[in-house]
Structures are given as structure tokens and as C-alpha cells.
Amino acid sequence: MFYKIVEDEGGENIKEDNFISLTYSAETEEGVIVFGSYDYDKRPTLMFSEKPYFKGDFFTALGMLSEGDSAVFKINVDLLVSKSGRPKPNTKGKYLIYTV
């Protein structure tokens, strides 16, 4: 996983089982939006932070953030597909880029 913390507000990082509110999108390296919270509702998504499924997954990334932070994460597509059982997005790139 590669990442860039865009906005760092400081404070305690998100932990497993924390109830969080966030907006996010995932896109291919070619710039095609695969999915995101805006697809469902313009309001932030409410969820519990989970134990990471594998090192470098979305929940690993969330654990690096605290309230008010924003970041961009690049997560390996092949690893994501093999560990999650989700279908592979139509991309030639090696990463999905999450903006949180």
C-alpha cells in the first residue's frame, strides 16, 4: 500500500470497532471511478472500522487516520481480489486508488 495523508488533523487514530463517518471513492489508475460512497448517498457513510483482512487493505489504511483527516491510498488490485473474493475491476493498472 502506498499512501499520502492530505490533511492531518492530529488526534487519536481510528481503531478496530470504532464507529466512523466518512466519504470515499475508489478509482483505477486510468481515472475510472469503480465505486464510492457518493454512489449511494451524498451524506457521509456510517460504518464500523473492522480488523484488517490483510496487511495493506482499506481497514489498514483507515487505522492511519484520525478525525478530520483526508488521504489517498493505493491498494494492490490483485491482493485485494485474492483476499476479498470480490471480482477484479476492469483495469490495466496494478492499484485501486482510494480517496478518503
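The values are calculated or read from the model by the stated rules, or taken from the named source; none is laboratory data. The structure displayed is predicted, hence computed values, not measured ones. With ideal geometry, Cβ positions are generated from the backbone for all residues, glycine too; neighbour counts draw on all protein chains shown. Ligands, DNA and RNA are stripped out before the accessible areas are found, and what is left, the full protein with its side chains, is counted by its heavy atoms. Shrake-Rupley method; radii C 1.70, N 1.55, O 1.52, S 1.80 Å.
Some points to look at:
- Tally, over region 5-39, of residues that are of a type in the set (Gly, Ala, Ser), in contact with a helix residue (DSSP H, G or I) (Cβ under 9 Å, 6 or more places away or on another chain) and under 15 Å from MET64 (Cα atoms): 0
- The single condition among (1) out of contact with any Phe, Trp or Tyr (no Cβ under 7 Å at 6 or more places or on another chain); (2) in contact (Cβ under 8 Å) with a residue 24 or more places away in the chain that PHE48 does not meet is (1).
- Residue that is most open to solvent (accessible area, probe 1.4 Å), among those in region 66-81 that are over 22 Å from ASP17 (Cα atoms) and over 9 Å from the mean Cα position of the chain (by Cα): ASP78
- Hits in region 32-56 (condition: of a type in the set (Val, Ile, Thr) and either part of a strand (DSSP E or B) or under 17 Å from GLY10 (Cα atoms) (or both)): ILE33, VAL34, THR45
- Of all residues in region 57-97, those satisfying the criterion of being part of a helix (DSSP H, G or I) and more than 16 Å from PHE2 (Cβ to Cβ) are PHE59, VAL81, SER82, LYS83, SER84.
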